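Participant: Quick one: the structure is below, and I'll ask about it shortly.
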Amino acid sequence: MKNHGTSLVSNIEPGQEVLSVQNISLSFGGVKALTDISFDLVKGEVRAIIGPNGAGKSSMLNVINGFYHPQEGEVFYCGQKRNAMKPHQIAHQGIARTFQNIALFKGMSTLDNIMTGRFTHMKTNVLQHAFWRGPAEQEEIENRLKVEEIIDFLEIQTIRKTPVGRLPYGLQKRVELGRALAAEPVLLLLDEPMAGMNIEEKEDMSRFILDVQEEFGTTIALIEHDMGVVMDISDRVVVLDYGKKIGDGTPDEVRNNQAVIDAYLGVPHE
Amino acid sequence: MFYRQAGDFKSSYREDLQTFALKQDRWAYYALLVVAFLVVPFIINDYWASAVLLPFLILAIAALGLNILTGYCGQVSLGTGGFMAVGAYACYKIMTSAPDLSIFFVVLLSGAVTALVGLIFGIPSLRIKGFYLAVATLAAQFFLVWLFNKVPWFYNYSASGQISAPERTMFGWAITGPNAEAPVRYLFCITIVVLLAWIARNLTRGRIGRSWMAIRDMDIAAEIIGVDPLKTKLLAFAVSSFYIGVSGALFFSVYLGAVEVGEVFGITLSFLILFMIIIGGLGSILGSFIGAGFLVLVPVLLKNVMVNGLGWPTDIAAHIEFVIVGGLIMGFLIVEPHGLAQLWRLAKEKLLLWPFPH
Ligand SMILES: Nc1ncnc2c1ncn2[C@@H]1O[C@H](COP(=O)(O)OP(=O)(O)O)[C@@H](O)[C@H]1O
Ligand SMILES: [Mg+2]
């Protein structure tokens, strides 16, 4: 039960670069969403991406997982320059994500949503599925074991069979994290996983993110507005403003960077 | 008081993956199979076969097919009648050009031909969605009917423009043609129905079914999980068209025997199948059967009551029937958009915990 990402990352040591973006520029018509952005993510770190609304954070994730194709710049992944790829091909390379606005499969249960996250690990074909008994059933059961581990990990056993549409907002966010984790990603992109949560839920989510980092050694890119959370759980921080990078470093370095203070921390936001 | 299972307790994932999770359901299903194969063939007569059972079984296959495409994969189609016509004409051409081929394989091959045609018509679905896709499939519907009317090769240049099924036998029994007996035609159809329903259930219970539902529910999220939208939609189109093609082949060869394409496979049939899955339940195998049963039975019942019971003229009864069936469909769309299968499920959920709900 491996996908292509597992073998790509196998020769990367912790602390070495997993992904880097270099001189990325992206515009929509006349609007420049990203201008000449470069930064890297090293294996096993939590890398926060912060900045005011409209700074280009989500656009950056969309470039990394292939929804947007930048006019300029390159993406390097596991030591190789990445050619233009479709999002589903990038998923098979071990990059998973959650969305700023929840994007669960509304018609499915928690269990099925997370099982769907195992897609890149499942290989049986239509004919095998038509007859079910044998490889298809076997694969389903093996992957179910993995999914149950994730359900236990996220403490969502009681909502296993609940249609996700019926779940409260905070739990939906958690299920979406579960779906991304089910891919056993090399790189996990989280777009505002704590937006709209109360303090308790934020604490839970922070704990899960740190546990993922610790237990699975997953590299994590995290977009987050709550500075307290960012300072607590991230190893390094990139700061964007109006599509430009204005800061990059440890939480402490960023906190004391004058450009960042002016552009971001000084500006009131929600 | 009989014993029944209370609550949902499973000890292995394999058990949890069973089609009929409850013991009662499993036994009900086996009992139904026994009745369908060992009892019905002995009591079936021509009226029951042609008024109820054959149309129910054959249209249920089409409903299964459309449900895979629309209910599971979220791609609306109004071309079902046209694709059934593809199945029917493929069946006719294969029957007449390969007279020795077993009718069973002829029917499956007709499905395969329809799957190919469906695949081609499915290609635009990558670019167009929802309402526009519905319009595109509507265009396919009219095009296909026009094609089978216009090109004499399809009806072997017969003067009437009709196609009619020659006699084909299996194990010495006539399945098609004027000598085919009701029990034999019924057994042939129900065998195919059970086989195809089992396969539909298998396809929708695992990875493939989830990839269809993922595209239906949220296509961008499906993509970032690794689902290729084009491949997934095309597979749904192909599988769905296979079912619809088999249904069309049976409708022509086993049920009607002779067919005039515009009359039988027109847009009305497309809508009938669509209503079946809406009433029965989108994204439900059981729903496809309930919907087909409902829409085949209700008109028969109404007709019996109005014409035979109350002695009304047939044409007035036919109009009233339209109104009543139409009203029922609207009622369903408003009251239970998830169809009869959902009502059944909810009732069961309640019963499972009764008399101690919490
Ligand atoms: N698909 C798109 N089409 C047009 N403009 C877009 C699109 N996606 C993002 N943008 C623009 O790019 C800028 C950055 O947006 P975004 O990346 O969503 O910011 P953030 O996530 O930091 O709030 C905004 O001005 C936004 O309007
Ligand atoms: Mg954003």
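Participant: Which of the residues that make up segment A:156-168 are in contact (Cβ under 8 Å) with a residue 40 or more places away in the chain and either outside any helix (DSSP H, G or I) or surrounded by 22 or more Cβ atoms within 10 Å (Cβ to Cβ) (or both)?
Facilitator: Answer for segment A:156-168, where residues must be in contact (Cβ under 8 Å) with a residue 40 or more places away in the chain and either outside any helix (DSSP H, G or I) or surrounded by 22 or more Cβ atoms within 10 Å (Cβ to Cβ) (or both): A:156, A:160, A:161, A:162, A:163, A:164, A:167.
Participant: Oh, and also: Looking at segment B:301-319 only, could you name the residues that are within 28 Å of residue B:344 (Cα to Cα) and surrounded by fewer than 16 Cβ atoms within 10 Å (Cβ to Cβ)? I'd like the intermediate steps shown before the answer.
Facilitator: Narrowing segment B:301-319 to residues within 28 Å of residue B:344 (Cα to Cα): B:301-305.
B:301, B:304, B:305, listed by residue number.
Participant: Does residue A:212 qualify as being in a helix (DSSP H, G or I) and within 16 Å of ligand 2 (Cβ to nearest atom)?
Facilitator: Details: in a helix (DSSP H, G or I): yes; within 16 Å of ligand 2 (Cβ to nearest atom): no.
So residue A:212 does not fit the description; no.
Participant: Which residue, of B:71, B:81, is more than 14 Å from every other protein chain (Cβ to nearest Cβ) and assigned to a helix (DSSP H, G or I)?
Facilitator: Numbers: B:71 fails: more than 14 Å from every other protein chain (Cβ to nearest Cβ).
Just a single option satisfies the conditions, and that option is B:81.
Participant: Another question, then. Which residues, counting only those in segment A:95-111, are more than 7 Å from chain B (Cβ to nearest Cβ), without any contact (Cβ under 8 Å) to a residue 60 or more places away in the chain and of a type outside the set (Ser, Thr, Tyr)?
Facilitator: A:101, A:111
Participant: From the list A:112, A:152, pick out the single residue that is touching a helix residue (DSSP H, G or I) at 6+ places or on another chain (Cβ under 7 Å) and either in the same structural domain as residue A:196 (by TED's automatic domain parsing) or farther than 24 Å from residue A:245 by Cα (or both).
Facilitator: Going through A:112, A:152 in turn, just one is touching a helix residue (DSSP H, G or I) at 6+ places or on another chain (Cβ under 7 Å) and either in the same structural domain as residue A:196 (by TED's automatic domain parsing) or farther than 24 Å from residue A:245 by Cα (or both): A:112.
Participant: Another question about this same structure. What is the one condition in (1) of a type outside the set (Gly, Ala, Ser); (2) in contact with a Pro (Cβ under 8 Å, 6 or more places away or on another chain); (3) on the phi > 0 side of the Ramachandran plot that residue B:171 does not satisfy?
Facilitator: The failed condition is (2).
Participant: While we're looking at this one, here's another question. Are any residues in segment A:169-194 of a type outside the set (A, V, I, L, M, F, W, C) and assigned to a helix (DSSP H, G or I), and if so, which ones? Break it down into steps so the answer makes sense when it comes.
Facilitator: Going residue by residue through segment A:169-194, those that are of a type outside the set (A, V, I, L, M, F, W, C) are A:169-170, A:172-174, A:176, A:178-179, A:184-185, A:191-193.
If the condition is that a residue be of a type outside the set (A, V, I, L, M, F, W, C) and assigned to a helix (DSSP H, G or I), then A:169, A:170, A:172, A:173, A:174, A:176, A:178, A:179 are the ones that fit.
Participant: Among the strands (runs of 3 or more DSSP E) confined wholly to segment A:4-94, which include 2 or more residues that are away from ligand 1 (no atom under 16 Å from the Cβ) and in contact (Cβ under 8 Å) with a residue 40 or more places away in the chain?
Facilitator: Details: elements: A:17-28, A:31-42, A:46-50, A:72-77.
Filter on segment A:4-94 gives A:17-28, A:31-42, A:72-77.
Participant: Of everything in segment A:207-229, what is free of Cβ contacts under 8 Å to residues at least 40 places away in the same chain and under 12 Å from residue A:177 (Cβ atoms)? Give them in sequence order.
Facilitator: A:207, A:212
Participant: Taking the residues in segment A:67-93 that are on the phi > 0 side of the Ramachandran plot and either of a type in the set (A, V, I, L, M) or modelled with pLDDT under 95 (or both) as candidates, determine which candidate is surrounded by the most Cβ atoms within 10 Å (Cβ to Cβ).
Facilitator: Looking only at segment A:67-93, we keep the residues that are on the phi > 0 side of the Ramachandran plot, and these are A:73, A:78-79.
In the following step, the residues that additionally are either of a type in the set (A, V, I, L, M) or modelled with pLDDT under 95 (or both) were identified as A:78-79.
Values: A:78: 21, A:79: 14.
Here the answer is A:78.
Participant: Do the conditions hold for residue B:36, that is, is it within 25 Å of residue B:111 (Cβ to Cβ) and at pLDDT 90 or above?
Facilitator: Working: within 25 Å of residue B:111 (Cβ to Cβ): yes; at pLDDT 90 or above: yes.
Against the criterion (within 25 Å of residue B:111 (Cβ to Cβ) and at pLDDT 90 or above), residue B:36 qualifies.
Participant: Provide a single number: the residues in segment B:259-277 that are part of a helix (DSSP H, G or I) and over 12 Å from the mean Cα position of the chain (by Cα).
Facilitator: First, pick out the residues of segment B:259-277 that are part of a helix (DSSP H, G or I): B:261-264, B:267-277.
Subset that is over 12 Å from the mean Cα position of the chain (by Cα): B:261-264, B:267-268, B:271.
Counting residues in segment B:259-277 that are part of a helix (DSSP H, G or I) and over 12 Å from the mean Cα position of the chain (by Cα) gives 7.
Participant: Return the only residue of A:24, A:50 being away from every other protein chain (no Cβ under 13 Å), within 15 Å of ligand 2 (Cβ to nearest atom), at pLDDT 90 or above and touching a helix residue (DSSP H, G or I) at 6+ places or on another chain (Cβ under 8 Å).
Facilitator: Checking each option against the conditions leaves just A:50.
Participant: Checking residue B:128 against (1) in contact with a strand residue (DSSP E or B) (Cβ under 8 Å, 6 or more places away or on another chain); (2) surrounded by fewer than 15 Cβ atoms within 10 Å (Cβ to Cβ); (3) among the hydrophobic types (A, V, I, L, M, F, W, C); (4) not in a helix (DSSP H, G or I), which test does it fail?
Facilitator: Among (1) in contact with a strand residue (DSSP E or B) (Cβ under 8 Å, 6 or more places away or on another chain); (2) surrounded by fewer than 15 Cβ atoms within 10 Å (Cβ to Cβ); (3) among the hydrophobic types (A, V, I, L, M, F, W, C); (4) not in a helix (DSSP H, G or I), the lone unmet condition for residue B:128 is (1).
Participant: With the checklist (1) in contact (Cβ under 8 Å) with a residue 12 or more places away in the chain; (2) within 29 Å of residue B:271 (Cα to Cα) in hand, flag the one item residue B:151 doesn't pass.
Facilitator: (1)
Participant: Looking only at segment A:112-155, filter to residues that are under 17 Å from residue B:200 (Cα atoms) and acidic (Asp, Glu); which one of those is nearest to the other protein chains (Cβ to nearest Cβ)?
Facilitator: By that ranking, first place goes to A:140.
Participant: Do you know which residues across segment A:209-237 are surrounded by fewer than 18 Cβ atoms within 10 Å (Cβ to Cβ) and at negative phi? I'd like the intermediate steps shown before the answer.
Facilitator: Just the residues of segment A:209-237 that are surrounded by fewer than 18 Cβ atoms within 10 Å (Cβ to Cβ), to begin with: A:210-211, A:214-217, A:225-228, A:231-232, A:235.
Result: A:210, A:211, A:214, A:215, A:216, A:225, A:226, A:227, A:228, A:231, A:232, A:235.
Participant: Turning to a different aspect of this structure: Using the structure shown, decide if residue A:130 is part of a helix (DSSP H, G or I) and touching a residue at least 60 places away in the same chain (Cβ under 8 Å).
Facilitator: Values: part of a helix (DSSP H, G or I): yes; touching a residue at least 60 places away in the same chain (Cβ under 8 Å): no.
Taking the combined requirement at face value, the residue does not satisfy it.
Participant: Being at positive phi and either within 16 Å of ligand 1 (Cβ to nearest atom) or within 15 Å of the chain's Cα centre (by Cα) (or both): is that true of residue A:178 here? If you could, list the steps in order and put the result at the bottom.
Facilitator: Details: at positive phi: no; either within 16 Å of ligand 1 (Cβ to nearest atom) or within 15 Å of the chain's Cα centre (by Cα) (or both): yes.
Spelling it out, it is not the case that residue A:178 is at positive phi and either within 16 Å of ligand 1 (Cβ to nearest atom) or within 15 Å of the chain's Cα centre (by Cα) (or both).
The values are calculated or read from the model by the stated rules, or taken from the named source; none is laboratory data. Quantities reported herein were computed from a predicted structural model and do not represent experimental measurements. Quick reminder, even Gly has a Cβ in these numbers, built from the backbone with ideal geometry, and neighbours come from all protein chains shown.
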